[in-house]
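Accompanying notes for the structure given below.
The values are calculated or read from the model by the stated rules, or taken from the named source; none is laboratory data. As the structure is a prediction and not an experimental result, all values here were calculated from the model. Virtual Cβ from ideal backbone geometry, glycine too; neighbours counted across all protein chains shown.
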Amino acid sequence: MPGRPLLGGRVHELVFQAAPDGLLVVDAKGRVVLSNVRASAILGGPSRELDGCAAELLVPRLPDAGVGEVERTVRRLDGAEQGVHVRRTDLPGGACLLTLREAAPGERDDLRRRGQLLATVSHELRTPLTSIVGYSELLAELGDDELSPEARRLVSIVRRHVDRELQLVDDLLTLAHLDGPLMPPERLPVDLAGLARPLVRGAADEIDGVVSVTLEATSVPRVAGDVHGLSQVLQVLLSNALKFTPPGGSVVVRVRQERHEVVLEVEDDGIGIADHEQPHVFEALFRGAEAVRRQIQGAGLGLAIANAVVEGLDGTLEVESELGSGSVFRVRLPAMPADTTSVIAVPTQR
């Protein structure tokens, strides 16, 4: 039929340009190759200036496909920042389509206020918790003639619970920063195997044989990474694996190279994750039904933070799991050239 070429080309282009939402087609290298009129309005520049831009510079922390809309702060070409709802749809050949829906003025104000409230409340909570830590340390240093064994046990319980609450507050603060505009992450050559060794050894010492914790690491290239952030990622994955693995189980951390990537993998034979829950595990505050049923502690923040850190380093965080059989969380990061010298190989404190 004579009309078919028109329907296959020009009409599709007209529909793409007339779409009420902003649309960006991103190629396998992460570059914008096509944008519509609405995307130009949202991002503050004509299509000719958007095309060729790195999608991560415009929309930090690109969402995974299939997770629905997520809230992001985009960077307009005029330097301004704007709250949008972003949805990702994967296309053949490693490309993807990003759908941008501008947040209404009220929504933008709500997002900003939520981030400010989260940061303020977290700071206010941290101050008294830090004082409790200080006083509990002073009590723990008292001699046996000043503190009875029962009182010492109670002080230990207080300290353990306060440490857990401090970790929650720190996660909330991190989440508040990740919800807002991101500073470019620190990039230094990092030896992932060297970073993993002390963390795995510390986890094994802490769990004291209740769960087997081992490291399988080969010689791998360095990655351009944020040492503090990567340490946090591994600590989250290790902590989750240990929490969800019953006594007598095992957790294995692996570091290896796959083609042009360095892979950090944490595998456990714990309770696993249901198929329908796996697309949501990297969403903030998400907790699986089995974790809730078993009353396993957690606020559902760690994996969201880990995913954001990995994405900020141009990597991916994947999950494979079967309910009742365990889980594998896999971090993939681009490998640096083989002759790169590691600047930092072990976790450091900031």
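Only one residue in 220, 227, 252 is more than 14 Å from residue 319 (Cα to Cα), in contact (Cβ under 8 Å) with a residue 12 or more places away in the chain and in contact with a Pro (Cβ under 8 Å, 6 or more places away or on another chain). Which one?
227
Go through 196, 151 for me and flag whichever is part of a helix (DSSP H, G or I), modelled with pLDDT of 70 or more, over 25 Å from residue 63 (Cβ atoms) and assigned by TED's automatic domain parsing to the domain that holds residue 227.
Result: 196 is the single residue among 196, 151 that is part of a helix (DSSP H, G or I), modelled with pLDDT of 70 or more, over 25 Å from residue 63 (Cβ atoms) and assigned by TED's automatic domain parsing to the domain that holds residue 227.
Yes or no, residue by residue, for (1) part of a loop (DSSP other than H, G, I, E, B); (2) among the acidic types (Asp, Glu); (3) at pLDDT below 85:
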{"residue": "66", "(1), (2), (3)": "yes, no, yes"}
{"residue": "71", "(1), (2), (3)": "no, yes, yes"}
{"residue": "109", "(1), (2), (3)": "no, yes, yes"}
{"residue": "122", "(1), (2), (3)": "no, no, yes"}
{"residue": "125", "(1), (2), (3)": "no, no, yes"}
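Six or more apart or on different chains, Cβ atoms under 8 Å: show the pairs whose first residue is in the stretch 146-169 and under 15 Å from residue 135 (Cβ atoms) and whose second is loosely packed, with under 12 Cβ neighbours inside 10 Å.
Taking only residues 6 or more apart or on different chains, the pairs are 159/137.
Which of (1) modelled with pLDDT under 80; (2) over 20 Å from the mean Cα position of the chain (by Cα) does residue 145 not meet, given it meets every other one?
Residue 145 satisfies every listed condition except (1).
Residue by residue through the stretch 262-300, note down the ones that are under 14 Å from the mean Cα position of the chain (by Cα) and in a loop (DSSP other than H, G, I, E, B).
Within the stretch 262-300, 281, 282, 283, 284, 285, 286, 300 qualify.
Looking at this structure, is residue 292 modelled with pLDDT under 80, closer than 17 Å to residue 254 by Cα and among the aliphatic types (A, V, I, L, M)?
No, not satisfied.
Of the residues that sit in the stretch 203-226 and are of a type in the set (A, V, I, L, M, F, W, C) and either at pLDDT below 85 or assigned to a loop (DSSP other than H, G, I, E, B) (or both), which one is farthest from the chain's Cα centre (by Cα)?
Among residues in the stretch 203-226 that are of a type in the set (A, V, I, L, M, F, W, C) and either at pLDDT below 85 or assigned to a loop (DSSP other than H, G, I, E, B) (or both), the one farthest from the chain's Cα centre (by Cα) is 210.
In this structure, does residue 83 turn out to be at pLDDT below 85 and farther than 29 Å from residue 286 by Cβ?
No, not satisfied.
Hey, among the residues in the stretch 323-336 that are in a strand (DSSP E or B) and more than 16 Å from the chain's Cα centre (by Cα), which one's surrounded by the fewest Cβ atoms within 10 Å (Cβ to Cβ)?
Here the residue is 334.
Consider the stretch 301-322. How many of its residues are crowded, with 18+ Cβ neighbours inside 10 Å and either of a type in the set (Ser, Thr, Tyr) or in a loop (DSSP other than H, G, I, E, B) (or both)?
The number of residues fulfilling the criteria is 4.
In the set 61, 38, which member is part of a helix (DSSP H, G or I), in contact (Cβ under 8 Å) with a residue 40 or more places away in the chain, of a type in the set (D, E, K, R) and surrounded by 17 or more Cβ atoms within 10 Å (Cβ to Cβ)?
38
Residue 73: surrounded by 17 or more Cβ atoms within 10 Å (Cβ to Cβ) and over 20 Å from the mean Cα position of the chain (by Cα), yes or no?
Against the criterion (surrounded by 17 or more Cβ atoms within 10 Å (Cβ to Cβ) and over 20 Å from the mean Cα position of the chain (by Cα)), residue 73 does not qualify.
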